[in-house]
Amino acid sequence: VESKSACDGERQHLRIANDKLQDENRLLISQVATLKEQQRAKEQKCSALTDELEKVKGDYNDVSSRLSHLSEERRKELDHSQTMEQSCVSLKEELDASQVRHAPDVKTLSLENQNLSTQCGLQAHELESL
């Protein structure tokens with residue numbers, strides 16, 4: 001009888017221990033499921049961030065390429081501007097030299113023009129007096 005009672009006590013003790021272990025097992029299974037769900041969410045977020053990073057890289061490459069193109073255009077414009085500036089300086093120098101060369105001619109023509117004007121005035125006065 002005592003042996004049966006001891007066995008019943010042992011069974012009861014083992015049942016309680018088994019119930020505790022099953023509760024712990026269910027809790028662990030639930031925690032594992034939660035962790036797996038968190039892992040899936042993190043993987044999805046990581047995938048979305050990777051996709052976004054690829055898009056940003058593509059945008060960066062596009063902008064970088066456009067910037068290089070604009071930089072090249074700007075360099076060409078500067079070269080053209082410098083060429084035009086040099087041409088203007090050369091034309092100004094030619095104009096100045098031409099003015100210096102032709103200054104005596106202009107002065108002579110101006111004096112001749114004055115003389116002719118004076119002669120025309122005198123001739124007109126003579127014609128009026130006739």
* Structure fact -> Here the equivalent ellipsoid of the chain, derived from its Cα gyration tensor, has semi-axes (largest first, whole Å) of 118, 16, 9
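When ligands, DNA and RNA are left out and all protein chains stay put, how many square angstrom of accessible area per residue does the stretch 86-125 have with a 1.4 Å probe?
Per residue, the stretch 86-125 has an accessible area of 89 Å².
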* Calculate, for the stretch 36-79, the solvent-accessible area per residue in square angstrom, rolling a 1.4 angstrom probe over the heavy atoms of the protein chains. => 94 Å²
* Rounding to the nearest 20 debye, state how big the charge dipole of the stretch 37-103 is about its Cα centre with +1 on each Lys and Arg Cβ and -1 on each Asp and Glu Cβ. => 160 debye
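In the chain, what percent of the accessible surface is made up of carbon and sulfur (1.4 Å probe, ligands and nucleic acids excluded)?
Ligands and nucleic acids excluded, carbon and sulfur give 57 percent.
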* With the chain treated as a Gaussian network of Cα nodes joined by springs under 10 Å, which of R15, R40, R66 yields the largest mean-square fluctuation? -> R15
* Asked: Between E77 and V100, what FRET efficiency follows from the Cβ-Cβ distance if R0 is 35 Å, with the result rounded to 0.05?
  -> 0.50
* Asked: Could you name the lysines in cross-link range of K55, using Cα to Cα under 21 Å and dropping any fewer than eight places away on the same chain?
  -> K42, K45
* Structure fact -> Calc'd 3J(HN,Hα), the stretch 18-26, phi into Karplus 6.51 cos²θ - 1.76 cosθ + 1.60 (θ = phi - 60°), Hz, glycine/Pro = x, comes to 5, 4, 4, 5, 5, 4, 5, 4, 4
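The values are calculated or read from the model by the stated rules, or taken from the named source; none is laboratory data. Note that the coordinates shown come from a computational prediction; the quantities given were computed from them, not determined experimentally. So basically every Cβ, Gly included, is an ideal-geometry build from the backbone, and we count neighbours across all protein chains shown. In case anyone asks, the SASA skips ligands and DNA or RNA and just uses the protein heavy atoms, side chains included. Shrake-Rupley method; radii C 1.70, N 1.55, O 1.52, S 1.80 Å.
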